[in-house]
Amino acid sequence: MSNITFKTKPDGKLTGRLRVPGDKSISHRAIMLGSIAEGTTQVTGFLNGDDCIATMNAFRAMGVEIEENSATELSIHGVGMKGLKAPEKELDMGNSGTAMRLLTGLLSGQAFDSVLVGDKSLSTRPMNRIIKPLKNMGGGFETEEGGRPPLRIKGGRQLKGVHYDLPIASAQVKSAILLAGLYAEGETSVTEPGITRDHTERMLRGFGYDVKTTGDRGQHISLQGGGKLTASRIDVPADISSAAFFMVGASIAEGSDLTLEHVGINPTRTGVIDILKLMGADITLENQQEVGGEPVADIRIRSAQLKGINIPEELVPLAIDEFPVIFIAAACATGETVLTGAEELRVKESDRIQVMADGLNNCGIDARATADGIIIKAGQLTAGTVDSHGDHRIAMAFSIAGLRANGSISINDCANVNTSFPDFVDLASGAGLGIS
Ligand code: S3P
């Protein structure tokens with residue numbers, strides 16, 4: 001499967017209306033919380049991509065019955081806080097950092113041992129960032145060198161609530177600690193250095209669990225262990241991280257006018273809109289409403305001449321997954337775009353700073369990787385060959401670049417697009433992108 005190649009054709013534009021697949025972060029959390037809740041949780045808009053399927057398979061392996069009423073509609077028969085059963089074999093998290101980190105938190109409070117494994121990319125990603133605070137809480141782990149997977153989690157330990165000052169702005173670390181905190185004695189609390197996505201907190205509240213958020217920026221989050229979750233109904237909005245490809249595509253392709261329907265616009269996720277607007281994008285939000293505790297809107301994008309900017313560092317955690325395609329916007333703007341304070345990009349599904357710099361260079365753009373960011377000089381994108389390093393967002397970012405390249409871009413190793421965006425090629429071609 002790893003040898004799928006995308007080829008783009010120049011001169012497309014994006015028009016019409018479309019709905020991108022469900023939010024990945026919310027879909028993972030729906031399975032996790034639905035599984036340990038009491039009662040049946042109904043989910044609509046579920047992201048039926050490989051990452052969330054890995055999470056679903058893990059909970060099935062721990063005895064949870066999950067019915068797939070359609071590809072995007074699930075009934076999760078929750079087993080309660082203490083109802084999970086020991087899995088018979090190791091749990092395969094595939095390419096998914098979210099699945100591995102959040103599950104490690106949740107599993108550290110169970111009565112049984114478990115082992116989490118992942119693919120080549122996931123097996124090189126840093127896990128000490130969760131192992132360290134979870135050990136402080138009393139969790140037991142064995143890992144490969146440097147805290148790398150496989151992660152062997154010892155069960156049967158009574159966790160204790162702690163306070164943890166997060167050294168990095170990471171929703172995955174925050175969530176792993178909060179999920180462990182459900183099983184801990186007393187209060188578990190974290191303080192974030194920068195605001196990160198708050199889907200865990202919102203969804204816990206949706207399942208009737210009290211989570212406190214305090215501080216002038218909402219940076220202190222706490223909960224008491226030992227409560228219970230009550231089944232809920234979850235309408236997963238379209239993923240703003242998937243929508244971002246089309247926001248940039250419609251901005252850079254002349255003559256575009258595209259509306260993306262029912263997109264999640266949780267304020268901890270909308271950095272991409274802010275950054276594109278600072279660059280001069282024409283983006284409007286229509287039909288804003290709140291659905292199941294998460295704000296959603298239709299997003300209309302019309303093409304615009306973008307300009308290079310210095311990206312404000314406080315927006316980095318709010319747009320952390322969207323930088324590959326933001327770099328494509330920068331290449332198609334005027335002048336220079338500078339990103340700093342984004343070293344986290346080096347430990348995503350690939351080293352997104354280096355892989356994007358290399359890909360942009362291969363397509364005629366002057367882009368220079370720095371330790372914590374990138375400097376991109378706008379220019380004419382040309383034909384070229386790009387290695388996505390199996391990173392879904394790199395593959396889709398260069399697909400979008402095809403709209404402005406003066407020849408065809410070939411993108412290698414694209415199978416992992418299925419982790420977050422099944423049917424990307426069909427949906428994108430339907431809107432006017434030349435891709436096969
Ligand atoms: C995610 C958090 C982010 C993001 C990832 C999904 C989540 O990671 O990059 O794709 O669902 O909590 P970090 O919080 O580690 O930056």
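Some notes on this structure:
- Qualifying position, being under 21 Å from G139 (Cβ atoms), surrounded by fewer than 16 Cβ atoms within 10 Å (Cβ to Cβ) and modelled with pLDDT of 95 or more, among K7, K82: K82
- Top-ranked residue of the stretch 115-134 - restricted to ones that are among the charged types (D, E, K, R) and in a loop (DSSP other than H, G, I, E, B), ranked as nearest to the ligand (Cβ to nearest atom): R125
- Odd one out for D351, checked against (1) within 23 Å of the chain's Cα centre (by Cα); (2) without any contact (Cβ under 8 Å) to a residue 40 or more places away in the chain; (3) more than 16 Å from the ligand (Cβ to nearest atom): (3)
- Matching residues, the stretch 159-200, being buried (at least 19 other Cβ atoms within 10 Å of the Cβ), more than 12 Å from the ligand (Cβ to nearest atom) and assigned to a loop (DSSP other than H, G, I, E, B): L159, G161, V162, L182, Y183, A184
- Residue in the stretch 55-72 that is under 16 Å from the mean Cα position of the chain (by Cα) and within 16 Å of the ligand (Cβ to nearest atom) present: yes
- Candidates G156, G118, G109: the one that is out of contact with any Lys or Arg (no Cβ under 6 Å at 6 or more places or on another chain), surrounded by 16 or more Cβ atoms within 10 Å (Cβ to Cβ) and farther than 30 Å from G264 by Cα is G109.
So that you can scan it fast, the table gives a plain yes or no per residue for (1) more than 16 Å from the ligand (Cβ to nearest atom); (2) in contact with a strand residue (DSSP E or B) (Cβ under 7 Å, 6 or more places away or on another chain):
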{"position": "S303", "(1), (2)": "yes, no"}
{"position": "G308", "(1), (2)": "yes, yes"}
{"position": "I320", "(1), (2)": "no, no"}
{"position": "F327", "(1), (2)": "no, yes"}
{"position": "G359", "(1), (2)": "yes, yes"}
{"position": "I375", "(1), (2)": "yes, yes"}
{"position": "G384", "(1), (2)": "yes, yes"}
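- Residue count, the stretch 287-313 (criterion: closer than 27 Å to H262 by Cβ and crowded, with 20+ Cβ neighbours inside 10 Å): 7
- Some residue of the stretch 14-24 being away from the ligand (no atom under 16 Å from the Cβ), within 21 Å of L229 (Cβ to Cβ), surrounded by fewer than 19 Cβ atoms within 10 Å (Cβ to Cβ) and not aromatic (F, W, Y): no
Yes/no per residue for (1) β-branched (V, I, T); (2) surrounded by fewer than 17 Cβ atoms within 10 Å (Cβ to Cβ); (3) more than 13 Å from the ligand (Cβ to nearest atom):
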residue	(1), (2), (3)
K89	no, yes, yes
A99	no, no, no
D113	no, yes, yes
L151	no, no, yes
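- Among the residues of the stretch 211-225, those that are part of a strand (DSSP E or B) and either touching a helix residue (DSSP H, G or I) at 6+ places or on another chain (Cβ under 8 Å) or touching a residue at least 24 places away in the same chain (Cβ under 8 Å) (or both) comprise T213, H220, I221, S222, L223, Q224.
- Flag if G208 is on the phi > 0 side of the Ramachandran plot, in the same structural domain as E38 (by TED's automatic domain parsing), away from the ligand (no atom under 16 Å from the Cβ) and not in a strand (DSSP E or B): yes
Condition check ((1) over 30 Å from A111 (Cβ atoms); (2) assigned by TED's automatic domain parsing to the domain that holds A184) across all residues:
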position: L14; (1), (2): yes, no
position: G45; (1), (2): yes, yes
position: V64; (1), (2): no, yes
position: G78; (1), (2): no, yes
position: E88; (1), (2): no, yes
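- Checklist (1) in a loop (DSSP other than H, G, I, E, B); (2) of a type outside the set (D, E); (3) in contact with a helix residue (DSSP H, G or I) (Cβ under 9 Å, 6 or more places away or on another chain); (4) closer than 19 Å to L159 by Cβ applied to P87, failing item: (4)
- Selection status of S256, more than 16 Å from the ligand (Cβ to nearest atom) and surrounded by fewer than 24 Cβ atoms within 10 Å (Cβ to Cβ): yes
- Test: residue in the stretch 359-366 that is under 20 Å from D321 (Cα atoms), out of contact with any His (no Cβ under 7 Å at 6 or more places or on another chain) and not in a strand (DSSP E or B): yes
- Entry remark, the stretch 303-329: residues being of a type outside the set (S, T, N, Q), in contact with a helix residue (DSSP H, G or I) (Cβ under 7 Å, 6 or more places away or on another chain) and more than 23 Å from S420 (Cβ to Cβ) number 4 in total.
The values are calculated or read from the model by the stated rules, or taken from the named source; none is laboratory data. Since we're looking at a predicted model, the values are computed, not measured. Every residue, glycine among them, receives a Cβ derived from its backbone with ideal geometry; neighbour counts consider all protein chains shown.
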